[in-house]
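**Student:** Please find one structure pasted underneath; my questions will follow.
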Amino acid sequence: MHTYDTKVLRGGPPAEPPVVPPIPSTASRALTSLAASIDEAVSAAKAVASARATTNRLAQDLDELTEMLATLGLRPRPPKSELRALLETDAGLAALRAGKAASCALTIYTKALTSTNLGQPKEHMGVFGAGAAAGRLYGALTVVPTDAGAVELARVATPTAAPVAEGAPAPDADPSAAPVLLPLRTIAVMVTTSKQVLEDIPLLEQSIAALLRDALIPAIEAELVAGDGTAPHLAGFASQATSQPAQSGETKLDAIGRAAGTCASIAAPDFVAMNFATAWALMQEKDLRGAYYLDPSAQAGRIWGLRLITTPGVPANKFLLGTLSPSASVIRQKGSLSVEMSVEHADNFQKGLVSIRGEVRLALCVMRPGAFVYGEFNA
């Protein structure tokens with residue numbers, strides 16, 4: 001007979017529970033922070049859900065108020081979209097909402113995406129840039145910058161030279177000099193518009209700036225040619241150049257040739273300026289046989305070898321002839337053609353208006369008046 005140990009048969013003494021090591025303090029803090037973040041996220045989600053519910057209630061109240069005002073005739077009833085009308089009037093959906101049906105079927109007919117269905121977007125196409133103004137005389141003359149409010153020039157007479165024999169003294173020909181003081185004159189233009197228009201129409205500000213520059217150029221050209229020198233006008237070529245009245249029976253080409261001969265003794269001419277209508281009338285002049293004086297197929301822009309400058313600054317049936325050399329004339333200009341915006345004009349700030357001003361300050365300095373002829377054509 002065998003003897004058995006009952007402790008072995010029963011599996012020995014009961015095992016003791018495992019010892020769990022303590023959690024480090026750093027991990028404990030991380031878990032605590034994570035739990036706090038989860039609590040904050042849950043709170044934020046509840047707040048969003050509450051805000052969404054509030055928004056839905058406000059939207060429903062607004063719809064009810066709008067419907068009430070429309071019923072009382074105090075406000076027109078806003079049109080409903082086709083989809084919203086379908087969702088509100090479909091019988092299947094109504095039964096589903098009332099709990100009388102477990103499901104429903106909707107049939108939605110689609111349409112082509114055209115401007116008629118989608119509606120026309122109210123977006124301005126923008127503003128095209130202004131065209132370049134005809135500032136050909138202003139662009140042809142030499143512009144010299146200045147920082148002063150007035151410029152002084154000396155008109156020096158051309159000394160006379162003569163042949164000198166060997167050992168003989170050179171002729172004493174001290175030139176006379178006449179100082180001339182010219183104040184800079186201001187040419188400006190301004191327009192006023194609303195801030196809303198500037199914000200709503202793309203590129204309008206740039207377009208207005210370009211238009212102001214285009215408006216300044218013809219005014220500058222007119223002053224360069226015909227300014228009489230009395231404030232606020234420039235002293236233009238007409239008041240300083242040699243005057244040439246029209247002669248009876250003289251063609252326009254003959255008048256230009258006579259003027260070129262007049263100023264050639266001072267400086268060789270290289271341009272003639274006139275307005276567009278006068279230039280076209282000159283181009284169309286014919287002789288007694290009906291032939292054009294100027295060959296229409298020849299290179300345009302030249303008359304008697306002189307550069308033709310067309311400008312609105314020269315009056316009809318008038319012309320200016322001379323040289324573009326800076327030794328004869330220059331434009332002294334302070335800064336450039338500037339365009340500025342401001343709300344500090346009159347009551348602009350109160351009315352939400354913006355004034356846009358274009359300006360240029362300049363003076364025409366003619367050092368050799370005899371190098372220019374301001375002439376007249378027969379009408």
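**Student:** Tell me which residues come under 5 Å, amide H to amide H, from residue 307 once H is placed; ignore anything under 5 positions away on its chain.
**Tutor:** HN-HN under 5 Å from residue 307: 271, 272.
**Student:** Here's a follow-up. What list do you get for 321, 253, 353 if you sort them by fewest beta carbons within 10 Å?
**Tutor:** Ascending Cβ contact count within 10 Å gives the list 253, 353, 321.
**Student:** Starting from 0.36 nm per residue, how many nanometres of slack lie between residue 307 and residue 53 once their C-alpha separation is accounted for? Before the final figure, lay out each step's value.
**Tutor:** Details: separation 254, 0.36 × 254 = 91.44 nm, distance 8.03 nm.
The span from residue 307 to residue 53 would gain 83.4 nm if fully extended.
**Student:** Across the range 368-378, in residue order, what do the Karplus-derived ³J(HN,Hα) couplings come to in whole Hz, using 6.51 cos²θ - 1.76 cosθ + 1.60 with θ = phi - 60° and x for Gly and Pro?
**Tutor:** 10, x, x, 7, 10, 10, 10, x, 10, 9, 5
**Student:** Ok, one more. Which of the chymotrypsin sites (Phe, Trp or Tyr not before Pro) across the range 270-379 are loop residues per DSSP, with 15 or fewer other Cβ within 10 Å?
**Tutor:** On the way: sites: 271, 276, 280, 292, 293, 304, 319, 349, 372, 374, 377; in loops: 293, 304, 372, 377.
Of the chymotrypsin sites (Phe, Trp or Tyr not before Pro), the ones in loops of the range 270-379 whose Cβ has at most 15 other Cβ atoms within 10 Å are 293, 304.
**Student:** Same structure, new question: For the range 278-345, report the % of Cα-Cα distances exceeding 21 Å. Write out the running numbers ahead of the final one.
**Tutor:** Values: 1177 of 2278 pairs.
Percent of Cα pairs beyond 21 Å in the range 278-345: 52.
**Student:** Nearest 0.05, what FRET efficiency do residue 291 and residue 140 give at R0 = 30 Å with Cβ-Cβ as r?
**Tutor:** Numbers: r = 31 Å, r/R0 = 1.05.
Calculated value: 0.45.
**Student:** Using a 10 Å cut-off around each Cβ, can you sort 38, 266 from fewest to most neighbouring Cβ atoms?
**Tutor:** Least crowded to most crowded, the residues run 38, 266.
**Student:** May I ask you to evaluate 6.51 cos²θ - 1.76 cosθ + 1.60, the Karplus curve with θ = phi - 60°, for each residue of the range 246-252 and list the ³J(HN,Hα) values in order in whole Hz, giving x for glycine and proline?
**Tutor:** Here the 3J(HN,Hα) series is 6, 10, 4, x, 7, 6, 5 Hz.
**Student:** Something else: What per residue convex hull volume, in Å³, comes out for the range 225-379 when only alpha-carbon positions are used?
**Tutor:** Considering the Cα atoms of the range 225-379, their hull volume per residue is 165 Å³.
**Student:** Could you put 194, 325, 33 in order, starting from the residue whose Cβ has the fewest other Cβ atoms within 10 Å?
**Tutor:** 33, 194, 325
**Student:** Follow-up. Using the Karplus curve 6.51 cos²θ - 1.76 cosθ + 1.60 with θ = phi - 60°, work out ³J(HN,Hα) for each residue of the range 346-358 in order, rounded to whole Hz, and write x for Gly and Pro.
**Tutor:** Running phi through 6.51 cos²θ - 1.76 cosθ + 1.60 with θ = phi - 60° gives 6, 10, 4, 4, 5, 9, x, 9, 10, 9, 10, 10, x Hz.
**Student:** For the range 253-321, give the share of DSSP beta bridges that are antiparallel, in percent and rounded to the nearest 5; count only bridges with both residues there.
**Tutor:** Counting DSSP beta bridges with both partners in the range 253-321, the antiparallel share is about 55 percent.
Read the figures in this text as sums done on the coordinates, not as results from a lab. Just so we're clear, the structure is a prediction, and the values are computed from it rather than from any experiment. Ideal geometry is used to build each Cβ from the backbone, glycine not excepted, and the neighbour counts take in all protein chains shown.
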